[in-house]
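Written out below as structure tokens is the structure these notes cover.
The values are calculated or read from the model by the stated rules, or taken from the named source; none is laboratory data. No experiment lies behind these values; they were computed from the predicted model shown. Neighbour counts are summed over all protein chains in view; Cβ atoms, including those assigned to glycine, are modelled from backbone coordinates with ideal geometry.
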Amino acid sequence: MILVAIVVCEVAFWLAILAGLTARYVLQRRRLGGALLLMAPLIDAVLLALVAVDLLGGATASWHHGLAAIYIGVSIAYGKRMVAWADAHFQHRFAGGPAPERLSGTAYTVKCWRDVLLTALAMTIAAATLGAVILLLNDAERTAALSEFFRMLGIIFAIDFLWAVSYTIWPKKPARALPGATASR
């Protein structure tokens, strides 16, 4: 059930963003767009409530519950950036906005290190969520799968950290122009 809830919440998250951006740029209804965009964090609260109801109702925690904690942490930590990314692309495509900037070199490396901080925040939120559930249930047998998830949080953080280190050592090169393309002024 929780795995289905995660998928439904992820789809609902992006549908809320798509609906909000459509209202904002296609229908020219900025207030409605803003209200629809505010639904995205509410979807996280719904998932958190579903996890709590499931576990407090006697379910044994599984990797699905751990995945829900990661989903919530990533959504909270990266949510604003994900919405800004979608907004920039939507504005460019449907409202004549500028093309989103493609980072390279030092700018991309700095972004990678900011991502490390956001990932640290996301994994901290996930760890706090897992820890709170473990303490609340106070049943080692029912929460064994959650206790094992802390290692996964460390692995996710380590991968992002190594990604940033790699771009610090080998900065991302600017994208090359396609043959025959004219340079824009």
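Observations on the model:
- Only helices (runs of 4 or more DSSP H) whose full extent lies in the range 1-59 are considered here, and the ones with at least 2 residues that are of a type outside the set (Asp, Glu) and more than 19 Å from Ala86 (Cβ to Cβ) are 2-21, 39-56.
- Those residues of the range 159-172 which are in a helix (DSSP H, G or I) and either surrounded by 12 or more Cβ atoms within 10 Å (Cβ to Cβ) or in contact (Cβ under 8 Å) with a residue 60 or more places away in the chain (or both), in sequence order: Asp160, Phe161, Trp163, Ala164, Val165, Ser166, Tyr167, Thr168
- Taking the criterion of being surrounded by fewer than 16 Cβ atoms within 10 Å (Cβ to Cβ) and within 13 Å of the chain's Cα centre (by Cα), the residues of the range 1-20 that qualify are Glu10, Val11, Trp14.
- Scanning the range 90-124 for residues that are assigned to a loop (DSSP other than H, G, I, E, B), of a type outside the set (A, V, I, L, M) and within 27 Å of Arg24 (Cα to Cα) yields Gly96, Gly97, Pro98, Pro100, Glu101, Arg102.
- You will find that of Thr60, Thr22, the residue that is within 28 Å of Lys111 (Cβ to Cβ), among the polar types (S, T, N, Q) and modelled with pLDDT of 90 or more is Thr22 and no other.
- Which listed residue, of Ala95, Ala144, Ala175, Ala126, is in contact (Cβ under 8 Å) with a residue 24 or more places away in the chain, surrounded by fewer than 16 Cβ atoms within 10 Å (Cβ to Cβ) and under 27 Å from Ala45 (Cβ atoms): Ala144
- Reported count of residues in the range 136-170, each being at pLDDT below 90 and farther than 20 Å from His65 by Cβ, is 0.
- Some residue of the range 64-71 being free of Cβ contacts under 8 Å to residues at least 60 places away in the same chain and either under 20 Å from Ala132 (Cα atoms) or over 12 Å from the mean Cα position of the chain (by Cα) (or both): no
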